[in-house]
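Beneath this line is the structure, given in structure tokens, with notes to follow.
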Amino acid sequence: MRDGTILRANVYLPRDGGRRPVILCAHPYGKDAVPRRTRRGYRINPQFRILRQTGPVHISDQTGWEGPDPAYWVPSGYAVVNLDVRGAGRSDGVGSLFSDAEAEDIFDAIEWIAGQDWCDGGVGMLGVSYLAISQYKVAALRPPHLRAIAPWEGFTDAYRDFFYPGGVREVGFARLWTTVIRRVTRMSPDLGREVAARPDDDAWWRSLAPDLGRIEVPMLVCGSFSDANLHTRGSFRAFAETGSSVRHLYTHRSGKWATFYSDEAVAVQRAFLDAHLKGIPAELPRVRLEVRERADRIHEVREEAVWPPAGTPVLLHLHEDGRLRTDQPVTWGTATFGRRHAATFSWRFEEDAEITGDVAVRVWLSAASVGPASIFAGVSKWTDGRFVPFEGSYGFGRDLVTTGCRRVLLDAEPRAVALQLAPSATFFRAGDELRLHLSGRQLSPRNPLWGSFPALYRSSPRVTCTVHTGPGHESVLELPLVSR
């Protein structure tokens, strides 16, 4: 590195010794954490076994955690570099996750790679989660030899996307992840302590976010509708706000790793990288849109020119009787919710409908006592009176259509509160029911056997919140209706 610190990587090269374009991934998980053969079979990363998988995951025993498989990419005409970031794995020094300094290290690694006799001068990046997150900041620094990036599900704002979405602290996976990082790496500052000490979106949090507008290299962004607790919002933000004129969005609502290593996704990744590292023309859609009817049923996969696709906003007004209707209430009404019970409002579709894009909730709220409250909102689908499940984060297979949360200061005086729910793409048939849920705690159970474990969001205090409807208190659910 520019300060003399040594970083270490595993480098996978073709047998013929020829010069190749390079696929780089950079992360704190240890380049040597690959599947190991034992007398009882292969020992793989425990997350593959602990978390429910939507399908088989096929990788070689040289595949680093959430990284590209060298056994596929090297025979496909690439070299692969799996890099330990500073302070992690076998690299020296003390690192700093999400930081400008880490991005500068990766910048130096890219330029070092480009100068090796096994590299043809072109470098691309590919990987999932942190291996996607690490791509944004370095791309914004514009390394001369970085030709393309493929961030496959990675958040772009640590505060808003993960640790404090809507200002509500995540105290489940966030604590687990920062604890593991503290134990297996050398990082400063201690990320877990900083998260606990910084509940507000301050300048320190802003310093961790990449300047997406400075990214100019071609991008293939994977936006998953099934990872709202972690990467969904940031992925769609990256596609929307990047400065790159050549960008593609691949959406899905299946398992993270089963999708990343699937034949279809790998073919798209290869076509994209071949185009920008080898000059092989490729016809890729601007947006690959996957619309689901339920967790195990895809309604349609189609190409779109923009995200979100053109649609018509539909306003459904909350009524005191628990119904959602297109007309406004003519009299005042209320409904209550808290930590132990939710307020639910229902709408039944009279004809087939596709709801694709960002769902918004705007409600008038008050509370019996003055103080901060965590408000959770979600939309669920019901067919013939039965809950319809969708794929969620961390292998949770009974997620809602979409969810969102926000921390607000409430008192006895009603105030307008807006909640932005995560992007989604869902098909409803005539007769299906849509339900809006408002609660003072997260809407899915955390039970490790059948709940949304390990996700956990800090609940509201034990206080009853009141939803106000009627003249002067327009409480609405806004749906992005796409005509097909």
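Per-residue extension of 0.36 nm, minus the Cα-Cα distance of Asn447 and Arg214, leaves a gain of 79.7 nm for this segment. Residue order for Ser91, Ser475, Ser444, fewest other beta carbons within 10 angstrom first, comes to Ser444, Ser91, Ser475. For the peptides 340-350, 49-59, 463-473, residues were scored by their other Cβ atoms within 10 Å and the scores averaged per peptide; the highest-first order is 463-473, 340-350, 49-59.
Please label the shape of the stretch 1-121 as rounded, prolate or oblate, based on the square roots a ≥ b ≥ c of the eigenvalues of the alpha-carbon gyration tensor (a/c under 1.5 means rounded; beyond that, a/b larger than b/c means prolate, else oblate). Oblate is the answer for the stretch 1-121, as a/c is 1.5 or above yet b/c matches or exceeds a/b. Helix 173-184 versus the longest principal axis of the chain: what angle, 0 to 90°, nearest 10, using Cα atoms? Roughly 20 degrees, rounded to the nearest 10. Between Arg90 and Ala282, what FRET efficiency follows from the Cβ-Cβ distance if R0 is 35 Å, with the result rounded to 0.05? Once rounded, the FRET efficiency stands at 0.45. Placing +1 on the Cβ of every Lys and Arg and -1 on the Cβ of every Asp and Glu, with nothing else charged, gives the chain a dipole about its Cα centre of roughly 1620 debye. Over all projection directions, the Cα-based convex hull of the stretch 378-484 averages an area of 8.8 nm². Sorting 448-461, 227-240, 419-432, 324-337 by their mean Cβ neighbour count within 10 Å, with the most densely packed peptide first, gives 227-240, 419-432, 448-461, 324-337. Over the stretch 193-319, the Kirkwood radius and the radius of gyration, each from Cα atoms, give a ratio Rg/Rh of 1.03.
Spacing of the modelled spin labels on Arg182 and Arg36, each 7 Å from Cα toward Cβ, amounts to 2.6 nm.
Rounded to the nearest 10 degrees, the inclination of helix 263-273 to the longest alpha-carbon principal axis of the chain is 60 degrees.
Modelled this way, with points 7 Å down the Cα-to-C-beta line, the labels at Arg206 and Thr336 are 4.2 nm from one another. How far apart, in nanometres, would the label points at Arg294 and Arg142 be if each is projected 7 angstrom from Cα along the Cα-to-Cβ direction? Those two pseudo-labels are separated by 5.1 nm. With the cut-off at under 13 Å, measuring from each backbone N in the stretch 318-332 to a point 7 Å along the Cα-to-Cβ line of Trp382 picks out 322-324.
P(r) for the stretch 217-257, from all Cα pairs and a bin width of 5 Å, is 6, 26, 32, 20, 12, 5 %, short bins first. Per residue, the average separation of C-alpha pairs within less than 8 Å and at least 6 apart gives the chain a relative contact order of 15 percent. The Rg/Rh ratio of the chain, with both radii computed over alpha carbons and Rh defined as the Kirkwood radius, is 0.99. Taking every alpha-carbon pair under 8 Å whose residues sit at least 6 apart, the stretch 62-150 reaches a relative contact order of 26 percent. More than 16 angstrom separation, counting every C-alpha pair in the stretch 93-195; what % is that? Within the stretch 93-195, distances greater than 16 Å cover 63 percent of Cα pairs.
Beta bridges assigned by DSSP with both partners in the chain are antiparallel in approximately 70 percent of cases. Beyond 20 Å, what percent of the Cα pairs of the stretch 288-419 remain? Here the tail beyond 20 Å accounts for 56 percent of pairs.
How would the stretch 251-344 be classified by its alpha-carbon gyration tensor: rounded, prolate or oblate, with rounded meaning a/c under 1.5 and the a/b versus b/c comparison settling the rest? In terms of gyration-tensor shape, prolate.
Annotation for the stretch 428-446 versus the stretch 185-236: alpha-carbon center distance of 28 Å.
Normalising by residue count, the stretch 1-57 has a Cα convex hull of 189 Å³ per residue. Each listed q (0.12, 0.22, 0.26 Å⁻¹) maps to a log10 I(q)/I(0) for the stretch 152-225 from the Debye sum over equal C-alpha point scatterers, namely -0.40, -1.12, -1.28. Rounded, prolate or oblate: pick one for the stretch 94-139, where a ≥ b ≥ c are the square roots of the eigenvalues of its C-alpha gyration tensor, a/c under 1.5 means rounded, and failing that, prolate if a/b is larger than b/c, else oblate. Oblate, because a/c is 1.5 or more while a/b does not exceed b/c.
What fraction, in whole percent, of alpha-carbon pairs in the stretch 347-410 exceed 14 Å separation? Value for the stretch 347-410: 69 percent of Cα pairs lie more than 14 Å apart. Between the helical axis of 232-241 and the longest alpha-carbon principal axis of the chain there is an angle of about 70 degrees. DSSP finds beta bridges in the stretch 225-347, and of those with both partners inside it, around 75 percent are antiparallel. Report note on the peptides 186-195, 147-156: ranked by the mean count of other C-beta atoms within 10 Å, highest first, their order is 147-156, 186-195.
Bear in mind that the values in this text are calculations on the coordinates, not laboratory data. Everything numeric in this text was worked out from a predicted model, so none of it was measured. Cβ sites come from the backbone with ideal geometry, for glycine too, and all protein chains shown count toward neighbours.
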